[in-house]
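Engineer: Mind looking over this structure? Questions follow.
The values are calculated or read from the model by the stated rules, or taken from the named source; none is laboratory data. Treat the numbers as computed from the prediction; the structure is a model and nothing was measured. Every residue, glycine among them, receives a Cβ derived from its backbone with ideal geometry; neighbour counts consider all protein chains shown.
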Amino acid sequence: MASVGMPEYLERRVAAQRGGRMDLRSFDRPGLAVVLADAIEADPGTARRTFQDLWQNGADDISGLTSVRRSIRKRLAAMAHVSRLETDRVLRSADGTTKFLWRLDDGLVIESVLIPDGDRLTLCMSTQVGCAMGCTFCLTGDMGLERHLTAAEIALQPLTVQRTLPPGRRISNLVLMGMGEPLHNLDALVVALRICLDDFGLKMSHRRITVSTVGLVPKMAELAAALPVNLAVSLNATTEEQRRAIMPITRRWSMAELLDACRTFPLPSGKRITFEMVLFAGFNDSLEDAERLRVLLTGIPAKVNLIPYNENPGRPSLRRPSDAVVRAYQDHLVRHGTSCSVRTTRGLDISAACGQLGRRVA
Ligand code: SF4
């Protein structure tokens, strides 16, 4: 394949696939246009129709690219393939939450969780197999990082789940809060989200996509420069010492540095950063914590989401606070002008709740 005029990041991606045939699902639309022009001198219209067939018209192999000429399909068949996600298991909770386990080409398994809530249908997606961040309360953290997901493996999660839904029912929101730290796999994440946002792709609204991070500070600005999506920060503590005890990332970037990055994060008007606080009984659930949090968030367009910890036999020392304690924490923030909600626990019976995504299936 020639490579005249191909940007370096695409060169790298094509080169990585040269041993086999390149995956047409691993490119956003502009990337696919460049790659197809380079490989088979395809015009931009052919690239757009190929992209639309892949992400909107149900094509799961080269022969399914019915919007492009047969001669093009023939040339593509010799040099490219179309990846898919293989469903390993689907688990349905009594509360309507559904957990999808996907088996990847190398046999590894990842998870997505579909959460219905009134008119909303939110898909919680994974970005890595395992996670390198090692948050002490999280089952995914126990796995360590096995590997990053590709852009295709990330964007295929909403595509494949959407296909299981009845006509007229659409995934309304995407949250990148499943297995993995999304900003640790930023290049693939950005390509995947461009596919999700594209009018010829999954046609999602940027207002309904939220990327969650534990605080990879330099990557936050890179994300903002690449995409106008919502940001959630998994904070979980109100002092440096407290945060270091449960989130090792704090040793690399302090909470103060993280909050400074939030202060300068270029938010579109009307948007706020969501701060997630997993609350543990007797650790970070006091009114003093609530007051410290209020002060820490001064000057940041913020809303707080309290997540009472989901108890797990693997973490006997961590307990869930009582509802009364959680309510008092919330009341304190709301009374002092900080927007604060409490996340309802969903999918507990199928191990799909927050912090439960890991090797255990149910
Ligand atoms: S909470 Fe998120 S960042 Fe921390 S270990 Fe779990 S998956 Fe990784």
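Engineer: Residues in the range 66-83: is at least one in a loop (DSSP other than H, G, I, E, B), within 15 Å of the ligand (Cβ to nearest atom), over 17 Å from the mean Cα position of the chain (by Cα) and over 21 Å from ILE171 (Cα atoms)?
Structural biologist: no
Engineer: Hey, any hits in the range 136-145 for a residue that's surrounded by fewer than 16 Cβ atoms within 10 Å (Cβ to Cβ), at pLDDT below 95, away from the ligand (no atom under 16 Å from the Cβ) and outside any strand (DSSP E or B)?
Structural biologist: No.
Engineer: From VAL295, VAL334, VAL278, grab the single residue that is modelled with pLDDT of 95 or more and crowded, with 17+ Cβ neighbours inside 10 Å.
Structural biologist: Going through VAL295, VAL334, VAL278 in turn, just one is modelled with pLDDT of 95 or more and crowded, with 17+ Cβ neighbours inside 10 Å: VAL278.
Engineer: Next up: Report, by residue number, each residue of the range 146-182 that is surrounded by fewer than 20 Cβ atoms within 10 Å (Cβ to Cβ) and away from the ligand (no atom under 16 Å from the Cβ).
Structural biologist: Scanning the range 146-182 gives THR160, GLN162, ARG163, THR164, LEU165, PRO166, PRO167, GLY168, ARG169, ARG170, SER172, ASN173.
Engineer: LYS219 versus (1) closer than 30 Å to PHE280 by Cβ; (2) charged (D, E, K, R); (3) surrounded by fewer than 17 Cβ atoms within 10 Å (Cβ to Cβ): which is the lone unmet condition?
Structural biologist: Of (1) closer than 30 Å to PHE280 by Cβ; (2) charged (D, E, K, R); (3) surrounded by fewer than 17 Cβ atoms within 10 Å (Cβ to Cβ), only one is false for LYS219: (3).
Engineer: Right, another one. Within the range 281-299, how many residues are more than 18 Å from ASP323 (Cα to Cα) and touching a Lys or Arg at 6+ places or on another chain (Cβ under 9 Å)?
Structural biologist: 1
Engineer: Something else about it: Tell me whether the range 231-252 contains one or more residues that are closer than 25 Å to THR140 by Cα, in contact (Cβ under 8 Å) with a residue 24 or more places away in the chain and among the acidic types (Asp, Glu).
Structural biologist: no
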